[in-house]
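Single-structure report; data block below.
The values are calculated or read from the model by the stated rules, or taken from the named source; none is laboratory data. Remember, it's a predicted structure, so these values are computed and weren't measured experimentally. Here Cβ is always computed from backbone atoms with ideal geometry, including for glycine, and neighbour counts include all displayed protein chains.
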Amino acid sequence: MSKKMQAAVVMQFGKPLVLQEWDIPTVAAGQILVKTEACGVCHTDLHAARGDWPLKPTPPFIPGHEGIGLVVAVGSGVTIVKEGDRVGVPWLYSACGHCEYCLKAEETVCAEAQFGGYTKNGGFAEYILADPDYVAHIPKGLAAKEAAPLICAGITTYKGIIETKARPGEWIAISGIGGLGHLAVQYAKAMGLRIAAIDIDDGKLDHAKRLGADLTINAKKGDPSEVLKKEIGGGAHGVLITAPSLPAFKQGVAMTRKRGTCVLVGLPPGEFPVPLFDVVANCITIRGSFVGTRGDMAEALAFAVDGKVKADIELQPLSAINKIFERLEHGDVPSRVVLDFSSK
């Protein structure tokens, strides 16, 4: 085996990624090495490469937190996975395991959490070093390229829907029908919810309808909250904002029914404009939801094994990463791009 690997590296914030040869990482005790088969590309990778968020990664680093591959080396003391297992290296790379949040299975908010493709090198490379206690276990029958978007976009939307507290038969409004939103529609349908899909792109709204949305609203053609209230009366019981757009966040609160819950999973840069009077007078809950736990991961993947959820994917080679980022920036990615490492 060659001791070098190809990787797409952020050398400087806001600059194109650089394709480089790096040494293949060596496993230490308690670590595993994964040979990448596929890695999804997420809007978060673009934010990471631009240094958009207050907590910034440190260049040079390798983005990518939807890497799926086979375990090819196991460090001493590792028993939970073995060579040959197919695993995913997700956004939640590791956590401390002993704080008040980890003890309550809320490890995504652990103060010592590490993040794949952000504080730890990720899946835009032929090999990934990983923590065996936090990898996703990919069920048999789910191909690497199909699983890749589910370990970030899938778990994020699945958990976000749960956090809305919407019950079967109630309405959920899903704002943004892209890489996350098209999965959210499928999860919501499988969970027995009635779905209003909101976007500014008629093509994406048509896609949402094909996936099972009961109502579609183009936010460019009028205030979506007014349309929603007119169509279903009183707004949605739950609202999930996946669009990385501040206007979508503002509209989200307006679309929320009295005593309903608006869940935020998109992360646009900037401050969130909250209409305080409406929130207080209508007893609206606004809740952030950050990916999901290891338990959520197993549940999110189970929907896909049963055929209830399938990511719409476009395969591209690692060498196309800068073009993909450019398209992401301009909203020119209909669903989810997956880097295919078998296409070299």
Note on region 171-191: residues in contact with a Lys or Arg (Cβ under 7 Å, 6 or more places away or on another chain) and assigned to a loop (DSSP other than H, G, I, E, B) are 177, 178, 179
Of the candidates 64, 69, 122, 84, the one satisfying the condition of being farther than 29 Å from residue 17 by Cα, modelled with pLDDT of 95 or more and either out of contact with any Pro (no Cβ under 9 Å at 6 or more places or on another chain) or not in a strand (DSSP E or B) (or both) is 84
Restricted to region 100-119 and to residues being part of a loop (DSSP other than H, G, I, E, B) and in contact (Cβ under 8 Å) with a residue 24 or more places away in the chain, the residue farthest from residue 59 (Cα to Cα) is 105
Residue hits (region 192-206; farther than 18 Å from residue 247 by Cα, outside any helix (DSSP H, G or I) and touching a strand residue (DSSP E or B) at 6+ places or on another chain (Cβ under 9 Å)) are 193, 194, 195
Quick check on residue 41: is it β-branched (Val, Ile, Thr) and within 20 Å of the chain's Cα centre (by Cα)?
yes
Scanning region 291-330 residue by residue, those in a loop (DSSP other than H, G, I, E, B), small (Gly, Ala, Ser) and surrounded by fewer than 17 Cβ atoms within 10 Å (Cβ to Cβ) turn out to be 307
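Conditions (1) within 9 Å of residue 173 (Cα to Cα); (2) in contact with a Leu (Cβ under 9 Å, 6 or more places away or on another chain); (3) of a type outside the set (Phe, Trp, Tyr); (4) not assigned by TED's automatic domain parsing to the domain that holds residue 175, marked per residue:
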site	(1), (2), (3), (4)
197	yes, yes, yes, no
201	no, no, yes, no
220	no, no, yes, no
226	no, no, yes, no
236	yes, yes, yes, no
240	yes, yes, yes, no
243	no, yes, yes, no
253	no, no, yes, no
261	no, no, yes, no
